[in-house]
Structure formats: C-alpha cells, structure tokens
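Novice: Submitted below is the structure of interest, expressed as structure tokens.
The values are calculated or read from the model by the stated rules, or taken from the named source; none is laboratory data. Everything numeric here is computed off the predicted structure, so don't read it as measured data. As a convention, Cβ positions derive from the backbone with ideal geometry for all residues, glycine included, and neighbour counts pool all protein chains shown. In case anyone asks, the SASA skips ligands and DNA or RNA and just uses the protein heavy atoms, side chains included. Shrake-Rupley method; radii C 1.70, N 1.55, O 1.52, S 1.80 Å.
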Amino acid sequence: MRIGIEAQRIFRKKRHGMDMVAIELIQHLQSLDKTNSYFVFVNEMEDPGILNETDNFKIIPLGPSSYPIWEQVLLPKAAVKHKIDILHCTSNTAPWPCRSKLVLTLHDIIYLEKINLNSGTWYQRLGNLYRRWNVPGIVKKADMIFTVSQYEQKRIMTHFGLNENQVKVSYNGVSPHFKTVGAQVRSEIKNKYQLPDDFMLFLGNTDPKKNLIGVLRALQILQESGNAFPDLVMPDFGESVLRNILNDIGAIALLPKIKLTGYIPNQDLPAIYAQAKLFLYPSLRESFGLPILEAMACGCPVITSNTSSMPEIAGDAALLVDPFQPDQIKMAIEKLLSSSDTRQSCINKGLKRPPLFNYREGALKVLESYKAIYDTL
C-alpha cells in the first residue's frame, strides 16, 4: 500500500491537541508497519525534530501555504504525484479533489451544531466556517471515518445518518512522558516559568467552549466571599485579551491572581501538572478531553464537566460539575482544596484512568481499516 497521511501542522512551534494526536498515530504506525509505504504531508517546518523518517515513512513538505490552499490544492496534487492509494486526513477536513481512497479522522462536529460569529478570534471563526463548508461533503466521500469517543461517534452517526461500520472509535491516549515527576525537574520547570508556590492550572484559549468565563466567574465568587485560593496559571494567553475579558465581566480584581506563562511546550507540561493543586477543565463541549488524562497521569486532581464526552473519559476519577454553573465550579475547587481525602481519592483513581486509553490500539484499528479499504481497490 502507498498511504498518505495529512499532518499539515505537526511541525509548527506551537503544537496543540490534534497535532499531538497525529504525531502519536504516525509514530505508532512506524512501529507496527515496516512493509507498506507512507508519505507524511506537512506544511510548516519550524520544528521538525519531533518526527523522524524511516525506511518506509517519508516526510513530504508542501508549501508553505495557507490552510485552505495547502489542503485543497497542494495536498491532492501531491497525492497524485506520489501515487497514493489511501489518503488519511487527520484533522477533520480533507481535499475535495481527492482521487485516492479517503480515511478521515473527524474529531468533532461542534462547528456544525452551532456557530457564533461574535465569539472567539477571527482565526477560530474562519476555521469553523471552513469546516462547516468542507465536512458535510467530505463525510459522504470518506471510505472510513474515525472519531475519538463513543459520545462523538453517536453525535456523528445521528447528524449524518451513518452506522457503526462507517464511523469507528479510536481513542486518544496519553504520551509516556506524562507521568509523576521528580522534585528536581519540578523545581527547574517552576523556575523556568516563574510559577507561584501554590497554583491551580487552566489550559484554555479564547474558544468559548473552553469556558474561561465560567472559570473566571467561579474565582470571582471565591474572591468576593473572602475565601483564599491559589493563583491560577494560564499558559498561552495574552494579557490584553485577559484584561478585556475581566473588564467585561466586572472581575478585574482577579488580575493579580492570574499568572500568564506564555506558550508551554508539551514536554514541559508534566512538571506543571504535577505541581498544580488542581486542574480545571470545565469545558462546555468536548469530543474527548485529552488534558483530563494528562493531568491524571501526572498525579493532579481534576475538575471537569458532566457534559458531552468528559464523563466517559474521566470516569469516577474527577469531580464533575455543570460547566454552565460557576457556583458548582467554585464549590468543587473548595472541596479539593479543603478535603485531603477527596484530593487523594481523585489522585489515586486518576492514575488508573490513562492506561485504559491506548494510542497503539487505535493505530492497530487504523491499520486494519487501511488493509480492508485497500482490498477493495
């Protein structure tokens, strides 16, 4: 087989969730399949050291170019040039002019459920519009669709009228470097990012589904009640954006309690999870929620939502809250900070959750689908 893998953004400096999932898929396929030929198509080449070529895996840079031009023009041309039998697009969208058999990883369909042109950054809004245009047609063309949770599988099947043979679940997993971390490494990372002695961690962005406003309102309630609480560490977030949000909700007094670190590379995150008093992940909607498992693997207790996929991923190892109720987030924070028994229970149960989710098992499912599709050629 000649298999193409769309991995457009895996070599950008600021990698995020879908980029890391694509890297894990490729690395596990490298260990599982020494026979078939793979062509990994990428765009940015800012940080290529995370993935190496092997005898049957070649990295093919295309561009650089904007996302739509890269995907709709450069990628299908490259697929023809390299005589690709099966093209696997890993990040929700795919090229319309695709002659190869198509495998699609559809992480979620949130952008099809509703769209708000007044929320998020312009980049996020344009991305959602692009997906809204692309995904419905691509789903019809795909020979196999993978998604990342049973919750999202049901959402996709219901939305498009598909069945379980057309949409399969391939769970994300936790990279091995997410684990409990020694004191020396914790100290080095604490100094590197000038972290407070005591802090809570929130990994979010301006996407409304991440529920930053809900978290800030919960902290505002804590502050106004006179209860002490640790600072909130927020990576990869701009001060001017944060200040505007705090002003909008009347919570500017929280600003001294929030530590902005800038972007934190994936390899530094375990030491930060390990030092956090708790990890806040009360999203409004997720298809998986990988940071839940990452935090658990590092021994950090988690507060997450009782909606969408998050109960499926967290099990009984986290405190679940209604993300639309800031008072519930506030009470969960207080419970983890005040009850050592609750905290230790979350830590102990949390350490048992990540092994249940395995990238290798997912890669095996993908490889089996490649072979089944190839047999139909």
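Novice: Given a Förster distance of 25 Å, report the FRET efficiency between Gln325 and Lys168 from their Cβ-Cβ distance, rounded to the nearest 0.05. All intermediate terms of the calculation are to be shown ahead of the outcome.
Specialist: Values: r = 34 Å, r/R0 = 1.38.
Once the sixth-power term is evaluated, E becomes 0.15.
Novice: Can you give the extra length, in nm with one decimal, that the chain gains between Ser31 and Gln124 once fully stretched, where that is 0.36 nm per residue apart less the Cα-Cα distance?
Specialist: 30.0 nm
Novice: Fully extended, how many nm does the chain gain between Asp55 and Glu224 (0.36 nm per residue separation, minus their Cα-Cα distance)?
Specialist: Extending this stretch completely gives an extra 54.7 nm.
Novice: With n ≥ 4 as the cut-off for DSSP H runs, can you work out [θ] at 222 nm for the chain, using -39500 (n - 2.57) per run divided by the number of residues, rounded to the nearest 500?
Specialist: About -12500 deg cm²/dmol.
Novice: At most 15 other Cβ atoms within 10 Å plus a DSSP loop assignment makes a site exposed; report the longest stretch of the chain without any exposed GluC sites (Glu not before Pro).
Specialist: That gives 165-377 as the longest site-free run.
Novice: Related question: With respect to the cross-link table entries Lys192/Lys352; Lys34/Lys83; Lys259/Lys330, which display a Cα-Cα separation exceeding 23 Å?
Specialist: Listed pairs above 23 Å: Lys192/Lys352.
Novice: Further question on the same structure: In µm²/s, what is D for segment 163-285 at 37 °C and 0.692 mPa s, where D = kT/(6 pi eta Rh) by Stokes-Einstein and Rh is the Kirkwood radius from Cα pairs? The partial results should precede the final answer.
Specialist: Numbers: Rh = 16.0 Å.
Reported coefficient: 205 µm²/s.
Novice: Moving on to the next point. Can you give the direction-averaged projected area of the convex hull of the alpha-carbon atoms in segment 217-304, in nm²?
Specialist: Approximately 6.3 nm², given one-decimal rounding.
Novice: With +1 on each Lys and Arg Cβ and -1 on each Asp and Glu Cβ, and nothing else charged, work out how big the dipole of the chain is about its Cα centre, in Debye to the nearest 20.
Specialist: 600
Novice: Once all Cα-Cα distances of segment 1-72 are split into 5 Å bins that start at 0, what whole-number percent is in each one?
Specialist: For segment 1-72, the binned pair fractions read 3, 16, 29, 26, 17, 7, 1 percent.
Novice: So how far, in whole Å, is the C-alpha centre of segment 314-377 from the one of segment 1-69?
Specialist: 26
Novice: Oh, and also: In square nanometres, what is one fourth of the surface area of the convex hull spanned by the alpha carbons of segment 105-220?
Specialist: Approximately 10.6 nm², given one-decimal rounding.
Novice: Another question about this same structure. Rounding to the nearest 10 and keeping the result within 0 to 90°, find how far the Cα-based axis of helix 359-374 lies from the longest principal axis of the chain.
Specialist: 20
Novice: Here's a follow-up. Excluding residues fewer than 8 places away in the same chain, name every one of the lysines whose C-alpha is closer than 24 Å to that of Lys77.
Specialist: In chain and number order, the partners are Lys58, Lys101, Lys140, Lys141, Lys371.
Novice: Next question. Could you tell me which residue out of Thr206, Ile26, Val135 lies farthest along the dipole of the chain toward its positive end? Charges go on the beta carbon: Lys and Arg +1, Asp and Glu -1, centred on the Cα centre.
Specialist: Val135
Novice: When a/c reaches 1.5 or more, the comparison of a/b and b/c decides; with that in mind, is segment 33-98 rounded, prolate or oblate per its Cα gyration tensor?
Specialist: In terms of gyration-tensor shape, oblate.
Novice: Which angle from 0 to 90°, rounded to the nearest 10, does the C-alpha axis of helix 212-224 make with the longest principal axis of the chain?
Specialist: 10
Novice: From the C-alpha gyration tensor of segment 1-127, pull out the three semi-axes of the equivalent ellipsoid (sqrt of 5λ each), sorted largest to smallest, in whole Å.
Specialist: Here the semi-axes work out to 25, 16, 14 Å.
Novice: Once a ≥ b ≥ c are taken as the square roots of the eigenvalues of the Cα gyration tensor of segment 115-178, is the result rounded (a/c under 1.5), prolate (a/b larger than b/c) or oblate (a/b not larger than b/c)?
Specialist: Because a/c hits 1.5 or more and a/b fails to exceed b/c, segment 115-178 counts as oblate.
Novice: Also: Could you pull the Cα extents of segment 237-281 along its three principal axes, largest to smallest, in whole Å?
Specialist: Cα spread of segment 237-281 along its principal axes, largest to smallest: 34, 20, 18 Å.
Novice: Now a separate question. I need the trypsin sites (Lys or Arg not before Pro) found in segment 1-64, filtered to DSSP loop residues with at most 11 other beta carbons within 10 Å of theirs.
Specialist: Lys13, Lys34
Novice: Indicate the gyration tensor shape class of segment 304-377 (rounded, prolate or oblate), computed on the Cα atoms with a ≥ b ≥ c the square roots of the eigenvalues: a/c under 1.5 is rounded; otherwise a/b larger than b/c is prolate and the rest oblate. Mind showing how you got there, number by number?
Specialist: Values: a/c = 6.81, a/b = 2.40, b/c = 2.84.
Judged from the Cα gyration tensor, segment 304-377 comes out oblate (a/c at least 1.5, b/c at or above a/b).
Novice: I've got another one for you. Can you send over the solvent-accessible area of Asp316, 1.4 Å probe, protein chains only, in Å² to the nearest 10?
Specialist: Around 110 Å² of this residue is reachable by solvent.
Novice: Say the dipole of the chain comes from +1 at the beta carbon of Lys and Arg and -1 at that of Asp and Glu; which of Leu51, Phe41, Met157 then lies farthest toward its positive end?
Specialist: Farthest along the dipole direction, towards plus: Phe41.
Novice: Here's something else I'd like to know. Just reorder Ser309, Ser340 by solvent-accessible area, largest first, 1.4 Å probe, all chains present.
Specialist: Ser340, Ser309
Novice: Continuing with this model, one more query. Using the alpha-carbon atoms, what tilt in degrees (0 to 90, nearest 10) does helix 150-160 show relative to the longest principal axis of the chain?
Specialist: Between the helix axis and the principal axis of the chain, the angle is about 60 degrees.
Novice: What figure, in Å² to the nearest 10, do you get for the accessible area of Ser37 with a 1.4 Å probe and non-protein molecules left out?
Specialist: In the full protein context, Ser37 sits at about 40 Å².
Novice: Continuing with this model, one more query. Quote the FRET efficiency, to the nearest 0.05, computed for Ser65 versus Lys141 with a Förster distance R0 of 25 Å and r equal to the Cβ-Cβ distance.
Specialist: It comes out at approximately 0.65.
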